[in-house]
Amino acid sequence: MSTTFRSCFVPTGFILGYIAYLLLGALVFSAIERPVEETLKSDLSSLKAEFLNLSCVNATALETFLEKVLQANKYGVSVLENATLPTNWDLASALFFANTMVTTVGYGHSTPLSDEGKAFSIVYALIGVPFTMLVLTACVQRLMHPLTYGPISMCQRRAGLQPRTASVVHFIVLLFLVVLGFFVVPALVFSTIEETWSFLDSFYFCFISLCTIGLGDFVPAEKPGQRLRALYKISVMVYLFVGLMVMFLVLRTFHKLADVHGWTAFFQLPSYEEEDEDREPIIEQEPDDESPEAEKASVKPLDPSSQVSYNSINR
């Protein structure tokens with residue numbers, strides 16, 4: 001397979017596979033959810049007819065009332081007394097909303113009501129989203145050495161494993177610890193705190209949140225009368241940020257694994273380049289008197305087979 005053909009075939013295959021995956025998901029969701037939706041619509045129609053028969057309210061007034069209730073519920077305001085929170089914009093709730101916005105999780109449980117709030121959200125997200133990505137990237141870059149390079153090197157030295165085997169073992173262990181520490185254990189905690197959530201609901205919430213999908217069907221700390229609600233929301237914020245950082249770390253580690261096994265070269269993807277935190281400056285002040293060896297190296301022709309990179313520049 002030629003390089004030109006592969007460079008065109010692989011992206012085309014990815015795009016077609018992605019479209020097929022979206023179509024498959026759409027068909028499955030439609031097959032599962034549409035009958036339930038139709039049943040719910042039928043139940044609501046029957047309930048509306050029964051309500052009209054037993055009361056003196058006309059259909060127009062009822063529909064106007066329901067329209068206003070649904071519109072308010074979309075903004076997180078409920079007409080039910082036992083489901084109404086004091087405010088959705090206290091400090092803890094506002095912090096939680098800002099966190100879900102800049103991390104692109106966006107549950108949609110609370111949205112700006114005013115035009116000013118919507119305009120500020122645009123500016124705030126325009127700056128906050130790339131800034132969050134920058135912070136996550138910088139943190140993960142620092143964590144790669146103690147959590148990826150160090151363990152792989154230790155497996156090679158102490159266990160005598162080859163680089164490919166060591167990278168696979170490390171990735172499996174890392175993935176197991178991430179699933180346990182950021183999905184299973186938090187799911188147990190959420191299912192305990194949120195009384196209406198099952199373990200599956202909680203695990204589903206963790207997965208949807210850390211994948212930044214944020215469907216909004218499950219949002220923590222929204223139950224009325226919940227104890228230590230502000231502290232709970234801030235704790236969820238910390239969990240989301242650290243969890244996104246760990247997910248990014250897993251992706252970077254998988255990229256390193258793919259590079260070691262040659263998958264990036266096969267699929268014409270950019271290879272992972274290790275970055276040294278303590279790298280010396282590329283341009284250094286040259287001494288006045290050059291040694292004969294340095295002078296000989298300066299006039300030595302470059303090896304055509306060598307690949308130019310920052311690591312190959314003579315210091």
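Worth a mention:
- For the peptides 157-169, 23-35, 202-214, the ranking by mean Cβ contacts within 10 Å, running from highest to lowest, is 202-214, 157-169, 23-35.
- Listed values for the stretch 227-238 are Karplus-derived 3J(HN,Hα) couplings in whole Hz (6.51 cos²θ - 1.76 cosθ + 1.60, θ = phi - 60°), namely 6, 6, 4, 5, 5, 5, 5, 5, 5, 5, 4, 5, and x replaces Gly and Pro.
- Stretch gain in nm, segment VAL189-VAL28, where the contour uses 0.36 nm per residue and the Cα spacing is subtracted: 54.9 nm
- Efficiency of FRET from Cβ geometry, ASP201 and GLN162, R₀ 30 Å, rounded to 0.05: 0.10
- Note that the stretch 107-157 presents 60 Å² accessible area per residue, ligands and nucleic acids not counted, probe 1.4 Å.
- Accessible area expressed per residue, the stretch 198-271, with surrounding protein chains retained (probe 1.4 Å, Å²): 51 Å²
- For GLU38 and LEU134, the FRET efficiency from 1/(1 + (r/R0)^6), where r spans their Cβ atoms and R0 equals 35 Å, is about 0.15.
- Among 92-98, 252-258, the order from most to least packed when residues are scored by Cβ within 10 Å on average: 252-258, 92-98
- With all protein chains modelled, accessible area of LEU200 [1.4 Å, Å²]: 130 Å²
- Cβ-Cβ FRET estimate between SER153 and ASP217, R0 fixed at 51 Å, reported to 0.05: 0.70
- Calculated diffusion of the stretch 182-244, Stokes-Einstein form, Kirkwood radius summed over Cα pairs, 10 °C and 1.306 mPa s, µm²/s: 136 µm²/s
- Pair LEU16, LEU143: separation of 7 Å Cα→Cβ label points (nm): 3.8 nm
The values are calculated or read from the model by the stated rules, or taken from the named source; none is laboratory data. Please read these numbers as outputs of a predicted model, since none were measured by experiment. No Cβ is skipped: glycine too gets one built from the backbone with ideal geometry, and neighbour counts run over all protein chains shown. Protein only, heavy atoms only, side chains kept; ligands, DNA and RNA dropped before computing areas. Shrake-Rupley method; radii C 1.70, N 1.55, O 1.52, S 1.80 Å.
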